[in-house]
Amino acid sequence: MESKFSMTREENIFVAKRNIIDYIWKSAKLEGLGVTYPDTEAIFNGMRAPNVKVEEIVAVNNLKHAWQFLLDNLDVPSDYNYVCHLNKIVGGDNLVINAGFIRKVPVSIGGTSWKPDMPIESQIKEEIADVLKIEEPTERAITHMLYLMRKQMFLDGNKRTSMLAANQIMIANGCGIISIPIEHQPEFTRMLVEFYESGNMDEIKDFVYKNGIDGIDFRQNESQDEGEESAPTMTM
């Protein structure tokens, strides 16, 4: 696997900030929240969203704060402590019980009878450390995300937390943004359930690589003759 985008960190930060409301909306929808894009935009900008549940407003604001934390801490390893802190932000303001701490009770997963093992801190730390040794950053990020999703470390917010942790790696290395388009979310969810059951991430990893990485090719026109200019294009 090779990176689909090769941006500088500054360029990737620009892309993240330019589309952050869209990324938050898609992440919220993937977790089953009922917010629309206009709702998400209003909440992000501190405006009223009268038809949105209080917990969904909190969830969107928490994602906003988690993205701010992510962009301010790109040099911090996306390790166990970092992931726990992300979940603490994602589940903050009493949205998730014991946010930021690994769960101490069994949980079930919708759509399958499979149940994740109880998380063991020492084991997770070792497994995350192994994932972070993957040399190619895009593969490292996608693997990190899928590992964390299946591990179900926390009582809630696991997909949001996992995607944020992966995007810290992506942005720090100028590889784009992982964001699952709305039209691909049903297929992604189906594959995710299959991955939960089998433990084999090959198919869903390939799916994310092909359909879920957003970015801008800032250097697509470098081979053109001098004096010819066109705007860089965003690709998904």
Efficiency of FRET from Cβ geometry, SER6 and SER113, R₀ 41 Å, rounded to 0.05: 0.45
Mean-position separation - Cα centroids, segment 104-134 and segment 29-60, in angstrom: 29
Reciprocal mean inverse distance between Cα atoms of segment 96-149 - Kirkwood radius, Å: 13.0
Environment charge of LYS4, counting only residues whose C-beta is closer than 15 Å and scoring Lys/Arg +1, Asp/Glu -1: -3
Debye-sum result for segment 9-213 in log10 I(q)/I(0), which assumes one identical scatterer on each alpha carbon, at q = 0.14, 0.15 Å⁻¹: -0.79, -0.92
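What is the local net charge at MET191, summed over the other residues whose Cβ is closer than 10 Å to its Cβ (Lys, Arg +1; Asp, Glu -1)? Intermediate results must be reported in sequence, preceding the final value.
Numbers: positive: ARG190, LYS205; negative: GLU187, GLU194, GLU203, ASP206.
In short, -2.
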Label-point separation, GLU187 to ARG18 (7 Å along Cα→Cβ), nm: 2.5
Segment 152-157 - phi-based ³J(HN,Hα) in whole Hz, Karplus 6.51/-1.76/1.60, Gly and Pro as x: 6, 5, 10, 5, 7, x
Computed over the chain: relative contact order in percent, which uses C-alpha pairs under 8 Å that are six or more apart: 25
Gain on full stretching of the segment that runs from ASP130 to ILE97 - 0.36 nm per residue minus C-alpha separation: 9.0 nm
Rg and Dmax [Cα atoms of segment 1-92; Å; Rg one decimal, Dmax integer]: 14.3, 45
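Please tell me which of these pairs span more than 29 angstrom C-alpha to C-alpha: LYS4/LYS53; LYS133/LYS205; LYS4/LYS88?
Values: LYS4/LYS53 37 Å; LYS133/LYS205 17 Å; LYS4/LYS88 31 Å.
Listed pairs above 29 Å: LYS4/LYS53; LYS4/LYS88.
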Once exposed loop GluC sites (Glu not before Pro) are cut out (DSSP; at most 11 other Cβ, 10 Å), longest piece of the chain: 3-134
Computed label-point distance, nm, for sites LEU71 and ASP217 using a 7 Å Cα→Cβ extension: 2.6
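Each reported figure results from applying straightforward, stated rules to the coordinates on display, with no laboratory input. All of these numbers come straight from a predicted model, not from anything done at the bench. Cβ coordinates were reconstructed from backbone atoms using ideal geometry, including for glycine residues, and neighbour counts include every protein chain displayed.
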